[in-house]
Amino acid sequence: MKLGVLGGTFDPIHNGHLAIADEVRSQLQLSEIIYVPAGQPWLKADRPVTSAEYRIAMLEMAISDRPCSRISMIDIERDGLTYTVDTLADLWKRLGADDEVYFIIGWGSLEELPEWKAPARIIRLCKLVAVPRPGYPLPDMGELDKRIPGLREKVIILDKPEIDISSSDIRERIAGGKSISGLVPRAVEDYIREKGLYKP
């Protein structure tokens with residue numbers, strides 16, 4: 001099977017995440033999208049992350065009507081900081097020999113890939129699907145390939161969707177008493193309000 005993997009803190013999951021997953025699945029004809037919520041991502045080690053219990057509950061609500069989507073708890077269950085290479089290695093232990101993994105990242109993350117843990121191993125474990133984000137130019141693939149030899153052959157560059165929604169903006173809007181209607185699924189919006197999440 002061709003499996004898409006979308007990792008993130010999902011703090012909270014928003015409509016941009018879902019649109020990206022839908023577009024990648026459609027363009028690449030993937031069998032399934034696996035959402036992998038992070039435990040404590042190394043890139044965000046300097047800020048607190050909302051309890052996994054709440055983030056997973058919101059994820060479950062967001063994908064409840066998407067039959068070709070599921071959640072993997074491998075990063076939540078692992079102690080310590082979350083690194084993509086460990087996520088992919090653990091995933092492979094649970095997949096079939098004929099499965100293909102397509103790891104979804106943004107253009108900005110692709111630019112930063114040489115700074116990630118074991119980038120050469122990452123591209124041996126999967127194909128990367130790079131999606132645009134407003135404000136982030138397409139990285140210089142020639143330069144990246146020099147730093148991570150073989151990268152160019154393992155990256156699929158998409159030019160859509162361009163999603164200008166971020167979890168940090170949603171958290172700031174809630175803290176400021178602003179509406180998040182249309183930015184997250186309605187069930188997620190109701191849950192955030194019910195639990196009082198992201199209030200100052």
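For this structure, a couple of remarks:
- Qualifying positions in region 127-143 - surrounded by fewer than 18 Cβ atoms within 10 Å (Cβ to Cβ) and not basic (Lys, Arg): Pro134, Gly135, Tyr136, Pro137, Leu138, Asp140, Met141, Gly142, Glu143
- Any hit, region 18-37, residues being surrounded by 17 or more Cβ atoms within 10 Å (Cβ to Cβ), farther than 24 Å from Leu183 by Cα and out of contact with any Lys or Arg (no Cβ under 7 Å at 6 or more places or on another chain): no
- Matching residues in region 140-163 - criterion: being outside any helix (DSSP H, G or I), more than 13 Å from Ile104 (Cα to Cα) and touching a helix residue (DSSP H, G or I) at 6+ places or on another chain (Cβ under 8 Å): Ile148, Pro149, Gly150, Ile163
- Counting residues in region 103-113 that are more than 25 Å from Leu18 (Cβ to Cβ) and exposed (fewer than 15 other Cβ atoms within 10 Å of the Cβ) gives zero.
- For region 158-193, the set of residues classified as aliphatic (A, V, I, L, M), within 17 Å of the chain's Cα centre (by Cα) and at pLDDT 95 or above consists of Leu158, Ile170, Leu183, Val184, listed by residue number.
- For region 102-149, the set of residues classified as touching a Phe, Trp or Tyr at 6+ places or on another chain (Cβ under 8 Å), aliphatic (A, V, I, L, M) and touching a residue at least 60 places away in the same chain (Cβ under 8 Å) consists of Val129, Val131, listed by residue number.
- Total residues in region 111-139 satisfying the condition of being of a type in the set (D, E, K, R), assigned to a helix (DSSP H, G or I) and farther than 17 Å from Ile157 by Cα: the figure is 3.
- Strands (runs of 3 or more DSSP E) contained in region 1-110 and holding at least 3 residues farther than 30 Å from Lys195 by Cα and of a type in the set (Ser, Thr, Tyr): none
- When residues of region 72-93 are limited to those that are touching a strand residue (DSSP E or B) at 6+ places or on another chain (Cβ under 7 Å) and surrounded by fewer than 18 Cβ atoms within 10 Å (Cβ to Cβ), the one nearest to Leu59 (Cα to Cα): Ser72
The values are calculated or read from the model by the stated rules, or taken from the named source; none is laboratory data. Since the structure is predicted, the reported quantities are computational estimates derived from the model, not experimental observations. Reconstructed Cβ throughout: ideal geometry from the backbone, glycine too, with neighbour counts over all protein chains shown.
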